[in-house]
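Here's the structure we're looking at; comments come further down.
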Amino acid sequence: MELRHLRYFVAVAEELHFRRAAERLHVAQPAVSEQVRKLEQELGVRLFDRTQRSVSLTVAGTALLEEARHVLRHADVAQQAARNARDHATMRLRIGYLADALPASVPRALRHLATAAPSVEVALETGPASRLIEELRARRFDAVITSLPAPTSGLRTTPLGTQRAVAVLPSLHPLATDSTVALERLAPERLVLLPRGANPAFHDAVMSMCHTTGISPTLTEVAEPRVEHVLLAVVAGAGMALLPESVTERYASPGVRFVALEGARPAFQTAALTHADVDSLATVAFLRALSQAAKSAVESTRPAVALAA
């Protein structure tokens, strides 16, 4: 028994007229007659008494009518539930990001998104780079903000700019008040880092910087991949630290100072990774917001042009 059979039956039962039922269903009258005939054959009972002038329900037809209405109501509810779930999924945005390398363009983009698409529900989660990318491939995330290089094959990459490394020093360190510090001057220090798995691109960039500078600091990795633990380790005297410059915009901790490295080149690139076949309205809106945030940042840094009178 198909839902279509029941819909045709209910239309005829309520109209008690095959032509009017066909008009109500927007189909040809022979199609209605055929579907009702098939339903009667399947049930093995006659549902209507038909004459040239009238159509009336049989006892079996009367018994079926209320149950058919009940089934159709439940079918409509089920269809609506499925559509609502689909619509909710398209307006949910799940973002994974690295705890130490979230560029300022992402919070700006989320503010743009909240204004342009207030119905989008955003969920944020941090984690190590490799796990975030694996979960993106498994479609448990819609977007991942990560450092490059990374295993991005088959994914869409939206560049978000570059980041340099900054030194994190105890506030009473002799160099803490300097505007910049040369990495060579920190050579005797112990170097506190996040575990490599948290951000492999940055960790490898730091090792490369040390190698290029000709220094071999004693490395101390914090137990948990959290920026707060690095800052606390510096305060506790474990050594100085190197972190991506984006932490200076999001973290403030008593007892430490962020100092730019003298002559430091960009350590790594940052990018937003999404599925190659982006079909989520929320993800598309987020990528558009990232573009707008980047454009706004560029315009805000342009010098003002004075116009001659």
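The values are calculated or read from the model by the stated rules, or taken from the named source; none is laboratory data. Bear in mind the structure is a predicted one, so any value in this text is a computation, not a measurement. FYI the Cβ positions are ideal-geometry reconstructions off the backbone, even for glycines, and counts take in every protein chain you see. These accessible areas exclude ligands, DNA and RNA; they are computed on the full protein's heavy atoms, side chains included. Shrake-Rupley method; radii C 1.70, N 1.55, O 1.52, S 1.80 Å.
Stretched out fully, how many nm does the piece from E121 to R19 gain, at 0.36 nm a residue minus the Cα gap? All intermediate terms of the calculation are to be shown ahead of the outcome.
Details: separation 102, 0.36 × 102 = 36.72 nm, distance 4.82 nm.
Between E121 and R19, full extension yields 31.9 nm more.
Protection proxy ranking, highest mean first, for peptides 225-233, 111-119, 154-162: 225-233, 154-162, 111-119, where packing is the per-residue count of other beta-carbon atoms within 10 Å, averaged.
With charges only on Cβ, +1 for K and R and -1 for D and E, what is the dipole size of the chain about its Cα centre, in debye, rounded to 20? Write down the numbers at each step before the final one.
On the way: 34 positive and 31 negative charges, 167 e Å.
Here the size comes out at about 800 debye.
Pop out the carbon and sulfur fraction of the accessible area of the chain as a percent, whole number, probe 1.4 Å.
Values: 9110 of 16890 Å².
Here carbon and sulfur together make up 54 percent of the probe-accessible area.
Scattering from the chain was approximated by placing one identical point on each alpha carbon and applying the Debye formula without solvent; log10 I(q)/I(0) at 0.07, 0.14, 0.16 1/Å stands at -0.50, -1.03, -1.19.
In the chain, the calculated helix contribution to ellipticity at 222 nm averages -14000 deg cm²/dmol per residue, counting -39,500 (n - 2.57) for every DSSP H run with n ≥ 4. Label sites at A78 and R140, each approximated as a point 7 angstrom past Cα along Cα to Cβ, lie 3.1 nm apart.
Rounded to the nearest whole Å², what accessible area per residue is found for the chain with the 1.4 Å probe?
Numbers: 16890 Å² over 309 residues.
That works out to 55 Å² for each residue.
If you take the Cα atoms of the stretch 1-113, find Rg, then find the Kirkwood Rh from the mean of 1/r over all pairs, what is Rg/Rh? Rounded to two decimals, Rg over Rh is 1.40. In this simple spin-label approximation, L43 and A223 carry label points 7 Å from Cα along the Cα→Cβ vector, and these lie 7.1 nm apart. Length, then width, then depth: along the principal axes, the Cα atoms of the stretch 101-225 run 51, 31, 26 Å. Per-peptide packing, taken as the mean over residues of other Cβ atoms within 10 Å, places 10-18, 130-138, 191-199, 49-57 in the sequence 191-199, 10-18, 130-138, 49-57 from highest down.
Taking the square roots of 5 times each eigenvalue of the Cα gyration tensor of the stretch 132-199, largest first, gives ellipsoid semi-axes of 35, 13, 11 Å.
The label point for Q29 and the one for V284, both projected 7 Å from the Cα toward the Cβ, are 4.5 nm apart.
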